[in-house]
1. Applying the selection to segment 52-69, what residues are modelled with pLDDT of 75 or more and open to solvent by less than 100 Å² (accessible area, probe 1.4 Å)?
2. Just to be sure before I move on: is S49 at pLDDT 75 or above, exposed (fewer than 10 other Cβ atoms within 10 Å of the Cβ) and hydroxyl-bearing (S, T, Y) in the structure I sent?
3. What tally of residues in segment 20-32 results from selecting those that are aliphatic (A, V, I, L, M) and either surrounded by fewer than 10 Cβ atoms within 10 Å (Cβ to Cβ) or in contact (Cβ under 8 Å) with a residue 60 or more places away in the chain (or both)?
4. What are the pairs with Cβ atoms under 8 angstrom where one residue, in segment 33-45, is in contact (Cβ under 8 Å) with a residue 12 or more places away in the chain and the other, located anywhere, is not basic (K, R)? Sequence gap at least six, or different chains.
5. Of all residues in segment 5-19, count the ones that are assigned to a helix (DSSP H, G or I) and loosely packed, with under 10 Cβ neighbours inside 10 Å.
Amino acid sequence: MQEVLADPKWADKLTDADRRALSPLFWTHVNPYGRFELDMNRRLKLDLSTRTTVPGPRTPHGEAAAAPA
């Protein structure tokens with residue numbers, strides 16, 4: 001691919017749109033997030049002793065939140 005793109009006769013034929021179309025060919029194999037293997041037969045080891053409270057709904061600025069009924 002590099003040899004073909006380095007050839008001057010092809011360099012003159014390729015438009016900017018052609019070059020943009022080639023870009024995914026070189027980057028589709030790249031996974032920037034790494035590889036995550038999922039084993040549905042094994043449970044996750046979650047530490048549930050560090051539970052946090054879930055915040056209540058937001059209120060418009062300056063208004064007091066309504067007391068729960």
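1. Across segment 52-69, the qualifying residues are G56, T59, P60.
2. The answer is no for S49.
3. Summing the residues that are aliphatic (A, V, I, L, M) and either surrounded by fewer than 10 Cβ atoms within 10 Å (Cβ to Cβ) or in contact (Cβ under 8 Å) with a residue 60 or more places away in the chain (or both) in segment 20-32 gives 2.
4. As it stands, the answer is none, since no pair meets every condition given.
5. Of the residues in segment 5-19, 7 are assigned to a helix (DSSP H, G or I) and loosely packed, with under 10 Cβ neighbours inside 10 Å.
The values are calculated or read from the model by the stated rules, or taken from the named source; none is laboratory data. Treat the numbers as computed from the prediction; the structure is a model and nothing was measured. Methodologically, a virtual Cβ is constructed for each residue, glycine included, from the backbone with ideal geometry; neighbour enumeration extends over all protein chains shown. Quick note on the areas: whole protein, heavy atoms, side chains included, nothing else; ligands and nucleic acids left out. Shrake-Rupley method; radii C 1.70, N 1.55, O 1.52, S 1.80 Å.
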